[in-house]
Amino acid sequence: ASVIDEYVSVRLRQDMPPSEAVELLRQALHARESEPDPTPASLALGHNNLSIGLQENGDFQGALEQLARA
């Protein structure tokens, strides 16, 4: 999950389409949620990162929902 997050962060600064970033960030969050004992900090980070991707994609309501979950 952390590797995906970092990859998306770098690629968003380059030329990655925001919709692709959102899909990858959803996968990273799912990976965090699938861990045997996910920590609250890890889950919060996943939701926060997804909110950034959603914001970049113009989905402001979705971004706010993810921030609330974080």
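The values are calculated or read from the model by the stated rules, or taken from the named source; none is laboratory data. Bear in mind the structure is a predicted one, so any value in this text is a computation, not a measurement. Note that we place each Cβ from the backbone using ideal geometry, even for glycine, and neighbour counts take in every protein chain shown. When the accessible area is computed, the model is the full protein with side chains, heavy atoms only, and any ligands, DNA or RNA have been set aside. Shrake-Rupley method; radii C 1.70, N 1.55, O 1.52, S 1.80 Å.
Quick look at the numbers
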| quantity | calculated |
| --- | --- |
| Where a residue in segment 52-65 is more than 8 Å from Val22 (Cβ to Cβ) and its partner, wherever it lies, is of a type in the set (Ser, Thr, Tyr), with Cβ under 7 Å and at least six apart | Ala63/Ser51 |
| Subset of segment 10-30 that is over 16 Å from Asp59 (Cα atoms) and open to solvent by 40 Å² or more (accessible area, probe 1.4 Å) - its residue that is modelled with the lowest pLDDT | Arg13 |
| Count of segment 28-42 residues which are in a helix (DSSP H, G or I) and without any contact (Cβ under 8 Å) to a residue 24 or more places away in the chain | 5 |
| Verdict on Ala63 being touching a Ser or Thr at 6+ places or on another chain (Cβ under 8 Å) and in a helix (DSSP H, G or I) | yes |
| Segment 10-27, residues that are free of Cβ contacts under 8 Å to residues at least 12 places away in the same chain and part of a helix (DSSP H, G or I) | Val10, Arg11, Arg13, Glu20, Glu23 |
